[in-house]
Amino acid sequence: MKHYWVEPICQALVSGNFHQIRRALHTPQGYCCLGVTCEVVLKDDLINLIPWNATERSVELEPFSCFELHGEAFGLPVEVQKEIGFLSSSGRFDLGIGMRGTARCNTSLTDLNDEGFTFAQIADVIRYFWKEL
């Protein structure tokens, strides 16, 4: 992740201006951590993005209303991913945990968000693991 984006994104996450949701970037009820990230990039106006578009999606056969950005409703659009320097659309990173000779453990910001980490906790993770994102 580009260091330039760490504090603007973390400050937005802890600002209290965004209600946290799970399973989508942005719905009428709020945002996930990556949806907040998209808002920060949209606000900065450094790249040309089409605004959020209302759509219907489903997760596990359960339909719901949400918004998509450049066709993405669940992961970062490629344009946002490139601008902030994320290595993946979900904010995947290596936790640096693993026994000698075994696979290392990794997770993503999406996983943390959907498993119940608060925006403040996710901001702490971003500040610590930004080079891995």
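Odds and ends about this structure:
- Taking amide hydrogens as placed 1.01 Å from N in the peptide plane, the amide H of residue 26 sits under 5 Å from those of 32, 67, each at least 5 positions away in sequence or on another chain.
- Label point distance in nm, residue 19-residue 131, each placed 7 Å from Cα along Cα→Cβ: 3.9
- Net charge of the neighbourhood of residue 11, taken over other residues with C-beta under 14 Å away and scored Lys/Arg +1, Asp/Glu -1, is -2.
- For the range 119-133, backbone phi angles converted through the Karplus equation (6.51, -1.76, 1.60; θ = phi - 60°) give residue-by-residue couplings of 4, 5, 5, 5, 4, 4, 4, 4, 4, 7, 9, 3, 5, 7, 6 Hz, Gly and Pro being listed as x.
Read the figures in this text as sums done on the coordinates, not as results from a lab. A quick note: this is a predicted structure, and the numbers were derived from the prediction, not measured. Backbone-built Cβ (ideal geometry, glycine too); neighbour counts: all protein chains shown.
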